[in-house]
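The values are calculated or read from the model by the stated rules, or taken from the named source; none is laboratory data. Predicted, not measured: the structure shown is a model, and the values here were computed from it. No Cβ is skipped: glycine too gets one built from the backbone with ideal geometry, and neighbour counts run over all protein chains shown.
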């Protein structure tokens, strides 16, 4: 056990009544209501929204433990990690569930494992952090050097496998792996006669029934980085692969339909095939699900090959352009649920700046190294905290990486963002937004509150604010800047700097 170095700083509640079972005093619950978005989260077109209809921009990290017993608490991830994330200004975690642990035998679910995941969800929630549940896989199963699906779901046709050649190359070079994926996408029967996808969808229905009532769960990420198997070569074109995506779409709709039996309104997050990460187009959608989100990743292939990300900007911009274009057609919301896995400061800086430019929230990969069998480079390269079993402080932290990722962002906007950006060199954060509701149903009234996260890591000596169209209602230097809109305004402009004189005007 690691020493308790941090205490709870924020309690997240759907309503004040939702905090009734908490040991926190009423004033702590009231403070939570003032300083966080209201749950549950939903969406208005491309925007994630809270229960008040405010636009929510999430910043957070991934936490996926890929080794048995597949639960983050097994490596020490717990209360002090959640408190640390909250203190750094993060408000979301993409939390990995490994399907092999969920359904170790066909039709048999491990409730003890789901209870461990639920404890982590609740721990994060008590600190103001919402969880995206992620059925995570890489390379399908341990047999192929990865993790994800149960042993009973492996059908490799007796073909050879040579795992650990290279995380990316293994996808292309393992015949047995590609056979296993092909059987899965075909929904071929497991030994009990039930289709592999049918089992998978039923497992998600079971998980949704368990977590659908949690105010801290922001939805379900259906399948991490779907691999097109034998059709991969057709997906390498920038135009993508409509044929494989039709199969992936059928899987997405089957799985979403199963979740809807247990949770009619929770956000269902679906992913494109993995080659989308490198600039290919996608044709996958949920068939009109009203509560759907597009979960996309962005990794530049050139950077690990050349050791430099200088040529990555056009490819990374294309990924964002493709994501924005896709949801413009489907009406779904979107979230960048993976990028990073690197210590390269220029790569990380470019990505978070790009996300601001496109006004997209994100979850960076990854909180820890955690003996990750399927990542680029040595496992600790991806880490922010080297060992979750130790307190997240001092030499257990990568401070240089945190200096890039722990950055200002609009947590909840009473209106629609028009632009926001952060200049890390000068410490200047800017936000422009209209008071128009993102769902098109009029405008927010005067006095509506916008929340902006200003991490102490960026403003260790405090900050100065210049805002036009709103009044400041938070205390000077608070990590959460609270703005209330003035009467008669349709647009609000904000600038935050590390020094100067605070000014506000209506």
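The single residue among 179, 108, 101 that is in contact with a helix residue (DSSP H, G or I) (Cβ under 7 Å, 6 or more places away or on another chain), under 23 Å from residue 255 (Cα atoms) and assigned by TED's automatic domain parsing to the domain that holds residue 220 turns out to be 101. The residues listed here are 411, 407; of these, the one that is outside any loop (DSSP other than H, G, I, E, B) and modelled with pLDDT of 95 or more is 411.
Here is the figure for the range 69-119: residues that are without any contact (Cβ under 8 Å) to a residue 24 or more places away in the chain and not in a helix (DSSP H, G or I) total 2.
Those residues that are free of Cβ contacts under 8 Å to residues at least 12 places away in the same chain and outside any loop (DSSP other than H, G, I, E, B), I need them from the range 427-474; list them, please. Across the range 427-474, there are no qualifying residues. Of the candidates 128, 145, the single residue that is buried (at least 24 other Cβ atoms within 10 Å of the Cβ) and assigned by TED's automatic domain parsing to the domain that holds residue 198 is 128. When 311, 350, 280 are screened for being more than 22 Å from residue 138 (Cβ to Cβ), touching a helix residue (DSSP H, G or I) at 6+ places or on another chain (Cβ under 7 Å) and either assigned to a loop (DSSP other than H, G, I, E, B) or at pLDDT below 95 (or both), only 311 passes. Residue selection: residue 132 fails the criterion of being under 28 Å from residue 385 (Cα atoms) and outside any strand (DSSP E or B).
Results for (1) assigned by TED's automatic domain parsing to the domain that holds residue 99; (2) crowded, with 18+ Cβ neighbours inside 10 Å; (3) free of Cβ contacts under 8 Å to residues at least 40 places away in the same chain; (4) in contact with a strand residue (DSSP E or B) (Cβ under 7 Å, 6 or more places away or on another chain), shown as yes or no for each residue.
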{"residue": "224", "(1), (2), (3), (4)": "yes, yes, no, yes"}
{"residue": "228", "(1), (2), (3), (4)": "yes, yes, no, no"}
{"residue": "240", "(1), (2), (3), (4)": "yes, yes, no, no"}
{"residue": "247", "(1), (2), (3), (4)": "yes, yes, no, no"}
{"residue": "250", "(1), (2), (3), (4)": "yes, no, yes, no"}
{"residue": "259", "(1), (2), (3), (4)": "yes, yes, no, yes"}
{"residue": "275", "(1), (2), (3), (4)": "yes, yes, no, no"}
{"residue": "278", "(1), (2), (3), (4)": "yes, yes, no, no"}
{"residue": "284", "(1), (2), (3), (4)": "yes, yes, yes, yes"}
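The condition of being part of a loop (DSSP other than H, G, I, E, B), farther than 30 Å from residue 411 by Cβ and assigned by TED's automatic domain parsing to the domain that holds residue 35 holds for residue 159. Number of residues in the range 252-274 that are within 17 Å of residue 326 (Cβ to Cβ) and over 19 Å from the mean Cα position of the chain (by Cα): the value is 1. Scanning the range 486-499 for residues that are in contact with a strand residue (DSSP E or B) (Cβ under 7 Å, 6 or more places away or on another chain) and under 23 Å from residue 89 (Cα atoms) returns 492, 493, 494, 495, 496, 497, 499. When you check residue 289 against the structure, is it within 20 Å of residue 135 (Cβ to Cβ), in a loop (DSSP other than H, G, I, E, B) and in contact with a strand residue (DSSP E or B) (Cβ under 7 Å, 6 or more places away or on another chain), yes or no? When the stated conditions are applied, residue 289 passes them.
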